[in-house]
Structures are given as C-alpha cells and as structure tokens.
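Here is the structure we will look at, set down as structure tokens.
The values are calculated or read from the model by the stated rules, or taken from the named source; none is laboratory data. As the structure is a computational prediction, the values presented were derived from the model and not from experiment. When we count neighbours, we look across all protein chains shown, and the Cβ atoms used for this are built from the backbone with ideal geometry, even at glycine. Just so you know, the surface numbers come from the protein's heavy atoms only, side chains and all, with ligands and any DNA or RNA stripped out. Shrake-Rupley method; radii C 1.70, N 1.55, O 1.52, S 1.80 Å.
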Amino acid sequence: MSNSTTGGLANANALTTTRSKKESDSPFENVNALAEAAASDRALTPLQAIRIYWRAFTWCLFMCMGALLWGYDTQVGGGLLSVPAFRRDFGSEVDGQYILAASWQSAFNCVSSIGGMFGGLSLGYISDKLGRRGANTVACLISLVGILIQFFTPVHQNGMLLVGKLVNGYALGIYLSLAGTYCAEISPLALRGITTASVNLWVELGQFMSNGVTRGTGERSDVYAYRLPFALQLIFPVLLLLGLPFAPESPWWLVRKGRKEDARRIIARLGGPGVDTNLQLQQIQETIELEDSYAHSAHLIDCFKGTDLRRTMIAIMVFVLQQGSGVVFVIGFSNYFFELAGFADGNAFNLGVGVTAIGVVGNLLAFYTVDRFGRRLIFNLGIAGCTVVLFLIGFIWMSPTQNARWAVAAFTIVYNFIYQTGIGPLGYVIFAEVPSSRLRSKTVGLGIWSNSLCQVVVNIAVPYLVNPDEANLGGYVGFIFGGIAFAGTLWAWYNIPETKDRTVDELDLLFEQQVPARQFAKQNIHQRYRDEI
C-alpha cells in the first residue's frame, strides 16, 4: 500500500474514531455527511449562489472595505512624492527644486507596512478572542487615531507623520488579514473565489481613489494638497463602525466557541429560508472535528508543524511572489516614475489614474476567470505574464527616445492588467483557502505579515534603484524584478494547488495525504476514502 493510501486510511479511521467515541454512528457517517454537503455546495452556480446568499455576499463586500484603506495608503505614499507642496513641506531644496531624500521616501513608503506586519500577526489572537466583528472594530478605532495624526502633522515634522502612518499601518494589517478570513468563512463554496478575490478589488479601488484624489489636489500650493488625501481616509473606518453592529459573526468562530445555536441562526440569516441550515451546521461541526483529530491546539507555532507548514508556506509565498514580481515598482511608484521618464506633472497624474483604472477592470474580469479556469492556472499564467512584461520594460529602457518612454508607460498599464487578472486577486483567494479553519486567522495573518515584510524591503530598495541622485536605473529595474518573477514562476508551477470547488474538509484531507499540487484537481477524496475503508 502506498504512503498516500496509508495516510488516507489513517485519516479516515481517525475521522470515524472521533465520532464513535461519542455516539454509535455509522463509520461512514462523517464522510457521507461531508460528501453530501460538498455536493450541495457544488450544485450552485455563482449567479445562483448570489441570488440565494445575497446577504452573505453583501456582508463579505462590506467587510472587505478595510482592504480599500490598505490600497489607498499604499498608493498615497508614492503618489504624494509627485506633489510639489508635499516635497516642499517635508523635503529640502536642492539645485532650485524641492526633493524628498531617498531615506525619507523609503521611510514614508515602508512604515505602514511595518505596522501591517504587527497587525497581521496580532489578528489571530484578537479575532480568536473577540471574533471577526470585534477584531474589525479594534482596527477601525486604531485607524482613526493614525489618520488623524497624519492630518494634523505640522510642516517639516516628518517623525510625527511617520508615527501616524505606523499606527494606521497596524490597523491596515488587521483589515487586510480579516477580509480574507471573513470571506472564506462566510461565503458558500460557489462564491468563495469571487468574495476572496474581491479583497484585491478593494485594494485596487483604494489605489485608484488615491490616484484620483492626488490628481485633484496635487497641484494645490497649500498644505491641503496632501492633507485632503489623508483626511478622506476617515470616511471608511466610520462607515465600518456604523455597520459592524449589524454584521453577522462567522459561524465557524461561533461553533468553535461552543455557540452552535448562534451559528445556526447566522447560517439561516445568511442563506434565507431555502437553505438546509442543519446540513451546513453539521458540515462545520464535522470539519472542525476532523481537524481536531489531526491536532487539538491552534497556536501560531502550529502553523509550522506537520502538513500545516506546507499550507502556511503557500499562503506566505503567494504574497512574496506578488511583491517579488515588482508590483511596488510598477504601480506604487507609477506617478513618480512617469515624471522621471520626462512626463509633465499633469500627464504623470493622468497615467497613474489610468494604470489603476485598468487594474480595476482586470480584477473584475478575474471574478469570471477564477471559477471558470481555476486558481492554479490563472496564478501561473499571471506571474509568467508579469515576468515577460518586466523584461520588456528593461529592454525598452535601453532606448533614450521619448517614444521608448511612452512604450514603457504603455507596458506599465499592460503589466497592471495582467497582474490584476492574475496574481493580484488570486493571491488573496489562495491564501484564504489553503489554511485549515483551525488556523485560518493565524495563517492569513502570517500571509499579510510576509506581504508587509516584502513591501518594506521593496519600498526601501526601489527609491535607491530609481532616483536620479542614487542608482538611477529607471526602467532597468525591470530586469531585477523580472529575474525574481521568473524564479517565482518555477516555484508556483510545482507548489500552487488547485483549490477550486474544494470544501474545507476536502482540502484538509488532500493536504494530510500530501497530494502533489498538480494533482489536487484530479482527486475524488470522499470516494477514495470509501474505497480504502
């Protein structure tokens, strides 16, 4: 008997033993119940699921609103570098023009990510204690404090501005981690890909909004050229705080806390009268029992033990590959990059808005492709496409002509379209789907931690690579990130699994059996258990 078969038999026995200790059920009851629930989930198309579970769909979109602030903050850091008033009030005059030193540029762009690292790691503890709604409330209150500090920062008080961005960054890490966790736990299987991918859509909408606001205020000569972009962020924590008292709590969290009747009411509320509430509640209970049969503890260190290590590494690597593929270079510094390429301020702003607008369109397209073609194929094609475009940007930069600069600008837009139809939204889908429910909030937090850490590294490095007073590489940076993306393409081919149409318990079993990533889509896991037993 093969190792995978032995592991499957052991897992099936553990599954039935867990139940038989408590009651005299059939040895196949758990497998049959989970298979029945999976078949029920797969019977719905996304459009049918939206009609039935429109409440769950709406609340997922609402809880993703915090991700908009992440995107807004990420973009506003680079966007304000192209605002003359900001460089005047927080920079220094060099050869008749105001410049913000590369060290301050790096600090402004990476300090939010440093805060996000701590926010992502703390989500597991906060959300396990207070629930998903409680964790979001904490993030909103912290975010309001951070935004107000930024708004009231006096001229040339760079340190105070950094503190504000650090505080807000902590909240952003919670927002972004929580959005993926909530969508994965609230959504039915048919909507899980769309709702988790919408996290990236909110991020992109935040970037688009940031570029639009910077375009509208950036040519002002007073302090409100940059204070207004800070102030507009206040809208979203306030909206979240107003809506959170009415938002449903995750039924997975409620069941783990022993509040099964509360979970039943939430399931009925989210799905309406036509939903089999008992079957869904049983699926959650059986999945939790299955996971507890593998390991009873749910501490952060458990993310790095046994098969959970593989799941954690996938959740981390999708974000490492996002940052390693040059998204900060191409998108985060787009306005400043366009100015360095010789475009006037107005054209640079317009191009920056165009880049993010195309990204929004790409993310909307991903809502169709994520369930039509699956996670693995789209992610692999996306990172391969980004690799090609990055190398093209590097080669085109060899020509000093203005036409070549416009070509680089065009490929910047192409890059963002590929990124936002591929590894951008798919990263959020995969990192929310691969963890076990037992460790989801902690694994997702580690994913955001890795995302923030990589952002810190890249945000420190890019100004020194791009700035005229430093390495002055310009588009040649495409070669650097192109090389990293090529290595990432190879890793993704061997390690990104297909999670489309897989319920939580099925993914648990596939990982426990150590099924290779390329074979996830081919396994009929419940039938396999029946055959083995």
**Q.** Unmet criterion (only one of (1) hydroxyl-bearing (S, T, Y); (2) modelled with pLDDT under 90; (3) under 19 Å from the mean Cα position of the chain (by Cα)) for T503
**A.** (3)
Q | Where D276 falls short, out of the listed (1) open to solvent by 10 Å² or more (accessible area, probe 1.4 Å); (2) modelled with pLDDT of 90 or more | A | (2)
**Q.** Every pair of residues 6+ apart whose Cβ atoms lie under 7 Å, when the first sits in the range 241-256 and is under 22 Å from G124 (Cβ atoms) and open to solvent by 20 Å² or more (accessible area, probe 1.4 Å) while the second is modelled with pLDDT under 95 and aliphatic (A, V, I, L, M)
**A.** W252/I284; R256/I288
Q: Those residues that are more than 14 Å from N459 (Cβ to Cβ) and touching a residue at least 40 places away in the same chain (Cβ under 8 Å), I need them from the range 95-120; list them, please.
A: I99, F118, G119, G120
Q: Would you mind finding the one in L81, L100, L69 that is at pLDDT below 80 and in contact with a helix residue (DSSP H, G or I) (Cβ under 8 Å, 6 or more places away or on another chain)?
A: L81
Q: Output the residue which, of all residues in the range 199-224 that are modelled with pLDDT under 80 and assigned to a loop (DSSP other than H, G, I, E, B), is nearest to the chain's Cα centre (by Cα).
A: G218
Q: Would you check if there is a residue in the range 319-335 being in contact with a helix residue (DSSP H, G or I) (Cβ under 7 Å, 6 or more places away or on another chain), in the same structural domain as V434 (by the TED database), open to solvent by 50 Å² or more (accessible area, probe 1.4 Å) and at pLDDT 85 or above?
A: no
Q. Is one or more of the residues making up the range 439-462 at positive phi and polar (S, T, N, Q)?
A. no
Q.
Quick test for you: out of D292, D302, D262, pick the one residue that is touching a residue at least 24 places away in the same chain (Cβ under 8 Å) and either surrounded by fewer than 19 Cβ atoms within 10 Å (Cβ to Cβ) or at positive phi (or both).
A. D292
Q: Search the range 474-503 for residues that are on the phi < 0 side of the Ramachandran plot and pair each with any residue that is among the small types (G, A, S) and open to solvent by 60 Å² or more (accessible area, probe 1.4 Å) when their beta-carbon atoms are under 9 Å apart and the residues are at least 6 apart or on different chains.
A: P497/A521; E498/A521; K500/A521; R502/A521
**Q.** Close pairs from the range 158-174: first more than 12 Å from C110 (Cα to Cα) and open to solvent by less than 10 Å² (accessible area, probe 1.4 Å), partner of a type in the set (V, I, T) and not in a helix (DSSP H, G or I), Cβ under 9 Å, at least 6 apart
**A.** L161/T153; G164/T153
Q: Go through the range 471-490 and count every residue that is in a helix (DSSP H, G or I), open to solvent by 30 Å² or more (accessible area, probe 1.4 Å) and closer than 22 Å to T401 by Cβ.
A: 2
Q: Check whether at least one residue in the range 462-469 is in the same structural domain as A384 (by the TED database), within 23 Å of R405 (Cβ to Cβ) and either out of contact with any helix residue (DSSP H, G or I) (no Cβ under 8 Å at 6 or more places or on another chain) or crowded, with 24+ Cβ neighbours inside 10 Å (or both), and report yes or no.
A: yes
Q | Residues located in the range 148-157, provided they are in contact (Cβ under 8 Å) with a residue 40 or more places away in the chain and open to solvent by 10 Å² or more (accessible area, probe 1.4 Å) | A | L148, F151, V155, H156
Q: Output the qualifying pairs, or none if there are none: Cβ atoms under 6 angstrom, residues six or more apart or on different chains, first residue in the range 379-404 and aromatic (F, W, Y), second residue open to solvent by 40 Å² or more (accessible area, probe 1.4 Å).
A: W397/Y476
